[in-house]
Amino acid sequence: MSLVRQDEAPRSLWQDAGAALRQNRAATVAALVLALITLSVVVLPEVLPFGYEQTDWDHIATGPSLGTGHLLGTDALGRDLLVRTLWGGRVSLLVALVATAVSLLIGVTYGAVAGYAGGRIDQVMMRIVDILYALPFMFLVILLMVLFGRNLVLIFVAIGAINWLDMARIVRGQTLSLRNREFVEAARAGGVPAARIIRRHIVPNLLGVVVVYVTLTIPHVILVESFLSFLGLGVQEPMTSWGALVNEGAQELETSWWMIVFPSAFLAVTLFCCNFLGDGLRDALDPRDRSHR
Amino acid sequence: MSAPLLDVADLNVEFATPAGPLHAVRDLGFALQPGETLGIVGESGSGKSQAMLALLGLLAANGRASGRAMFEGADLLALGETALDRVRGARIAMVFQDPMTSLNPYLTVGRQMGLVLAAHRALAGAPARRACAEMLEAVGIPEAGRRLDQFPHELSGGMRQRVMIATALLCRPALLVADEPTTALDVTVQAQILALMRDLRERFGTAVILITHDLSVVAGMADRLLVMQQGQCRETGPAAEIFAAPRDAYTRSLLAAVPRLDRPAALVPPPREVAGAPLLEAEGLRVEFAVAATRPLGRPRRLQAVAGVSFGLAPGEILGVVGESGCGKSTLGRALLRLVPVAGGRVGYLGRDLTALDSAELDPLRRDLQIVFQDPLASLDPRMTVRDIVAEPLETFEPTLDDGVCTNKVAEMLTRVGLDPSHMNRYPHQFSGGQCQRIAIARALITRPRLVVCDEAVSALDVSVRAQILRLLLELRRLLDLSLVFIGHDLAVIRQVSQRVMVMYLGRIMEMAPAETLFATPRHPYTRALLAAAPIPDPVVERARERIGLPGEPPSPLSPPSGCVFRTRCRWAVARCATEVPPLAAHGASQVACLRAAEI
Amino acid sequence: MLRFILQRLLTGIPTLLVLVALAFFLIRAAPGGPFDSERQLPPEIEANMRRAYHLDEPLPMQFARYLGGLARGDFGPSFQYRDFTVTELIGAGFPVSLRVGALAMLLAVLVGVSVGTFAALRQNRAADHAVMAAAMTGISIPNFVMAPLLVLVVAVGLGWLPAGGYGDGGWRHLLLPVVTLALPQIAYLARLTRASMIEVLRSAYIRTARAQGLPLRTIILHHALRPALLPVVSYLGPATAAVITGSVVIEQIFGLPGIGRFFVTGALNRDYTLVMGVVVFYGTLILVFNLLVDLIYGVLDPRIRHDA
């Protein structure tokens, strides 16, 4: 139901979405916690007095304590768990960002081309996606890691390559529907060239979906990376990541509980916040929920 | 007078919204006698539907109703869900606007009807099935037994609405509430459904509340009328009195805004004498779409949306294009501007063949050829400001234009279409439907085009807003010396604005004639049926009319009938109509595509 | 219906071929061979072995031979467990994996759908918020984290259940692995069901059903449940893939003798044929399951059924 609204300032859809997001307390808190985690992962390792591979011979596998200076305890090799967890976070978040960027790049390009081209090209491109979609990618990635050794770049590419399929499908569907929307037709009738239509009309209207999807891809990528690390296929010792730390912790389960509890907590809290933020963003950017009477 | 069947007093409906409470209905009161038909009329947002939903406890979760509504000895508003469930469907039944979404797509017709009988009559198995089949036959559905096992998507639109009505009447309710029951239907199907409702009302003695925005629909149906505006009752009384002598100012303006098919148009000047070459000329224009194959690996089928259309348009002329949904009128409009690929024929514009140009040659010409769409909000990019939207064609055709000059031109254009230029930095969702359509018109006119295609440009608007927009369009046409192609399904609107009218059916022209000739002496059987089906907002005229209904619904354009495409619904059809394709031939001032045009 | 199945089978074959080819050529492209481990073999023996395993033939020939073997259900010999064929190893592990995986899927669907429906009917009330917060937590804790934590608390701390091993396959040994595998899926399915149920309950035909005076139970069971389950059914394909992937670590953590454990040890020991056998086997399983899901979907949605 559209009511005539008078005497109001210009409000773009992005401003509306921002306001809706700020009203969502869970999403706001999640965003703050994520910012805090990111900040500590970036800054704290530079400040803390321990290196990630530095062994404290006086404190091997000691529990969390203020006295020793090892706030979260040490591992079986006497390395500070807090520092290692933060370094693990660096790796996990870096992988998440780069792999998401890879999937974003491939997915958006592929999807937008298929959607805008339409017709036969679209059909062939989407048929390929369908076939790839049915493959058990996780197994292929594991195969890849086993065969070609552990390699950070390979992780980026492999994980990115899994996730672009979803992105391509979503972007293609959205582009297809945008292409047939009346405002795009109006622009074509107005003689606006195709490149400009894509830049001014298609891309800005795709952005909402892509933003939401990116926030939901990041936790997924973190999960995949830690899964690989857990299997011992991720980054190489002494460098570490959250999944690798959980794996080490699982092996010392009965003697050193802190070794599994703290890295797990970091991992779970990050995933939790990403998911909450993604949910909030989706609600804020979904036009259906905003137009109710 | 006996005791009223339904007695509503002090009905208030409020919705809790993030922006504060929204008062949808205020202090509404009315009484309905058994067997009586009450028409509730109002524009969108008048609260007419919400009032009835409130009585049946069907408001959205954030809605609250208060007041009193006595029905068969109980206050509907005070009943709990369980008690209300014994009234809903059994004593008061409801029919909604869109039969496609209002029927469950996952259940067969028989199953949906059966659930109602099971709930209210404790009827199941063969007796229930028999009762359902009988009711389907009563609403004019042939082969009722087979229909019971079909799903809604296998039925046509009119058939679905018949199923809705049959389901509503299963338990012989005392009151039938019909919320815009014909709004989603074509005019010939609307006439069938309205006739059916009149017939059933007599047969079952059911009282009816007919909710509609369309005064012409209630004119032939309602005994009494209730006019609503912004949640309040403006006027209520016998329908004949209100139509003849409305007392309330709003009712008067509403009635004045409704175009009448039976009166000559007041809005358009008579066509000028055409001198010289036509501005636009179509010759044998064809548009085809590929429809996905039904079989795997099968070849996609071709759908002829426009199947050979020829006409000329003089400079400054207004051509109305009318027809039911799926007749190809919108596709024709888009093909003229080459917004859809043309499969055959040519479109001449000032002597140049548009279909032969590549996009680099075509784009400069687009400055002259513009379009206004049906859905005002959808045709504006939600992420651009109004200034940028209106300026876009200008920036395309005059890339060197200074930003300030451009803004000034936009401001000037906005003023012309009746908008406040100081609002130009707002976004489309901050405007009402009518205002959005003004913005779309401003965008179409900013490059000073020669031709504007208006594709159902006023169909989504309320009656009063519609009249304003039509007046604006015609005024601008006069000032800017435009030609208009005005596409619509509403005959009365087409009559109001057109100098010449083209009637389309299944992608072909059935008849083309000067507007007054066409409406005074329709020659093609289809034109006659269309005119007969369109309701007229006058109870006196409406009740005196002879009703010659057009049976059935248009066939699928995927498999059009041979020969004359209209023959399957034509009552004058003879054997040769199936073999010969009738050419568009002159009969007096009209051009008619009918083999028997001279005889009938 | 038959035509639909045939069509799906036809489209499944290229997918399977792509999978087998990808796995096959990845392995051939990898540096090193299966025999460069451990001791150096004398060249003539290595040549003999290469001939025995047909590694001396041109690649396309080897690929054709592998495909031919697959068609007969023969995945070739294991390089690590020299006395066994890959087929035998998979045959030995599959009953265990199937049991754990099927129980987890069953648990996930039953609990997830009921909890999701429950939450949808109490939308925005305390019970709904509690369920959804729990579901979000469930999604955010990976099962390889949940597994050791559960072991820590239930097995090590409280001593209620064994920490690992298959034993006689009784419930005491299955409970923890099945629950850990199911938990994220329960959480996901609950969210999915809730969202789709809310969407369906808002639709126009539900309003019609309410206007017909049908009791709430009838509306939910007869009108709403079927369309609300459609997204759940389409998620069953990815859910199976996720459970199978998850079983790889779960079997390792709990020491279950399923296929997943072979996969991990095979991968770490570079037992290429074994790893590849598992990938192809599970890939086929997922494809077949997807076909089943499509069929169920067709049964639930009349529009699909008739279009197909």
* **Subset of the range C:5-19 (residues that are open to solvent by less than 80 Å² (accessible area, probe 1.4 Å) and of a type outside the set (S, T, N, Q))** => C:I5, C:G12, C:P14, C:L16, C:V18, C:L19
* Asked: Quick one: would you say B:T400 is among the hydroxyl-bearing types (S, T, Y), surrounded by fewer than 19 Cβ atoms within 10 Å (Cβ to Cβ) and in contact with a Lys or Arg (Cβ under 9 Å, 6 or more places away or on another chain)?
  -> no
* Filter result (in a helix (DSSP H, G or I) and without any contact (Cβ under 8 Å) to a residue 24 or more places away in the chain) within the range A:230-261 -> A:F230, A:V246, A:N247, A:G249, A:A250, A:Q251, A:I260, A:V261
* To do: Find the residue count for the range B:422-471, including only residues that are in a loop (DSSP other than H, G, I, E, B) and not basic (K, R).
  => 15
* Some residue of the range A:173-195 being in a helix (DSSP H, G or I), more than 14 Å from chain B (Cβ to nearest Cβ) and under 21 Å from the mean Cα position of the chain (by Cα) -> no
* Restricting the range A:115-158 to residues that are small (G, A, S) and away from every other protein chain (no Cβ under 12 Å), which is most open to solvent (accessible area, probe 1.4 Å)? -> A:A117
* Structure fact -> Apart from one, (1) surrounded by fewer than 22 Cβ atoms within 10 Å (Cβ to Cβ); (2) touching a helix residue (DSSP H, G or I) at 6+ places or on another chain (Cβ under 9 Å) all hold for B:V177; the odd one out is (1)
* **the range A:236-281, residues that are more than 9 Å from every other protein chain (Cβ to nearest Cβ), among the polar types (S, T, N, Q) and open to solvent by less than 10 Å² (accessible area, probe 1.4 Å)** => A:T240, A:S241, A:S256
* Asked: Scanning for something open to solvent by 10 Å² or more (accessible area, probe 1.4 Å), within 14 Å of another protein chain (Cβ to nearest Cβ) and of a type outside the set (S, T, N, Q), does the range B:476-490 turn up at least one residue?
  -> no
* Quick check: is even one residue across the range B:195-210 in contact with a Ser or Thr (Cβ under 6 Å, 6 or more places away or on another chain) and either in a loop (DSSP other than H, G, I, E, B) or within 26 Å of B:V13 (Cα to Cα) (or both)? -> yes
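Every residue, every condition in (1) assigned to a loop (DSSP other than H, G, I, E, B); (2) over 17 Å from B:G114 (Cβ atoms); (3) more than 12 Å from chain C (Cβ to nearest Cβ); (4) modelled with pLDDT under 90, yes or no:
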position: B:P142; (1), (2), (3), (4): yes, yes, yes, yes
position: B:D149; (1), (2), (3), (4): yes, no, no, no
position: B:G158; (1), (2), (3), (4): no, yes, yes, yes
position: B:T167; (1), (2), (3), (4): no, no, no, no
position: B:R172; (1), (2), (3), (4): yes, no, yes, no
position: B:L176; (1), (2), (3), (4): no, yes, no, no
position: B:T183; (1), (2), (3), (4): yes, yes, yes, yes
position: B:V189; (1), (2), (3), (4): no, yes, yes, yes
* To do: Find the residue count for the range B:91-105, including only residues that are facing chain C (nearest Cβ under 7 Å) and in contact (Cβ under 8 Å) with a residue 40 or more places away in the chain.
  => 7
* **Close pairs (6 angstrom Cβ cut-off, 6 or more residues apart or separate chains): closer than 20 Å to B:V452 by Cβ in the range B:373-388, among the small types (G, A, S) anywhere** => B:F373/B:S379; B:Q374/B:S459; B:Q374/B:A460; B:D375/B:A460; B:P376/B:G433; B:P376/B:A440; B:S379/A:A186; B:S379/B:A440
* Scan the range B:354-406 for residues that are within 9 Å of chain A (Cβ to nearest Cβ) and among the basic types (K, R) and jot them down. => B:R366, B:R367, B:R383
* Residue under evaluation C:A119, criteria (1) within 30 Å of A:I260 (Cα to Cα); (2) open to solvent by less than 10 Å² (accessible area, probe 1.4 Å); (3) of a type outside the set (K, R), criterion not met -> (1)
* Structure fact -> Of the residues in the range C:139-169, those that are assigned to a helix (DSSP H, G or I) and open to solvent by less than 20 Å² (accessible area, probe 1.4 Å) come to C:S140, C:F144, C:V145, C:A147, C:P148, C:V151, C:A155
* Asked: From A:L104, A:L13, A:L32, A:L94, which residue is closer than 30 Å to A:N163 by Cα and within 14 Å of chain B (Cβ to nearest Cβ)?
  -> A:L13
* Of these, B:D381, B:D388, which one is at pLDDT 90 or above, in contact with a His (Cβ under 9 Å, 6 or more places away or on another chain) and either in the same structural domain as B:A305 (by TED's automatic domain parsing) or assigned to a helix (DSSP H, G or I) (or both)? -> B:D381
* Structure fact -> Here the residues within the range C:244-289 that are facing chain A (nearest Cβ under 10 Å), within 14 Å of the chain's Cα centre (by Cα) and under 20 Å from C:P184 (Cα atoms) are C:I244, C:T245, C:G246, C:V248, C:V249, C:I286
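Here's the yes/no breakdown for (1) without any contact (Cβ under 8 Å) to a residue 60 or more places away in the chain; (2) touching a helix residue (DSSP H, G or I) at 6+ places or on another chain (Cβ under 6 Å); (3) within 26 Å of B:L337 (Cα to Cα):
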site	(1), (2), (3)
B:F397	yes, yes, yes
B:C406	yes, yes, yes
B:E412	yes, no, no
B:T415	yes, yes, no
B:G434	yes, yes, yes
B:A442	yes, yes, yes
B:L461	no, yes, yes
B:A467	no, yes, no
B:E475	yes, no, yes
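The values are calculated or read from the model by the stated rules, or taken from the named source; none is laboratory data. Bear in mind that the values here come from a model prediction, so they are computed numbers and not experimental data. Here the Cβ is made from the backbone with ideal geometry for all residues, glycine too, and neighbour counts use every protein chain on show. Protein only, heavy atoms only, side chains kept; ligands, DNA and RNA dropped before computing areas. Shrake-Rupley method; radii C 1.70, N 1.55, O 1.52, S 1.80 Å.
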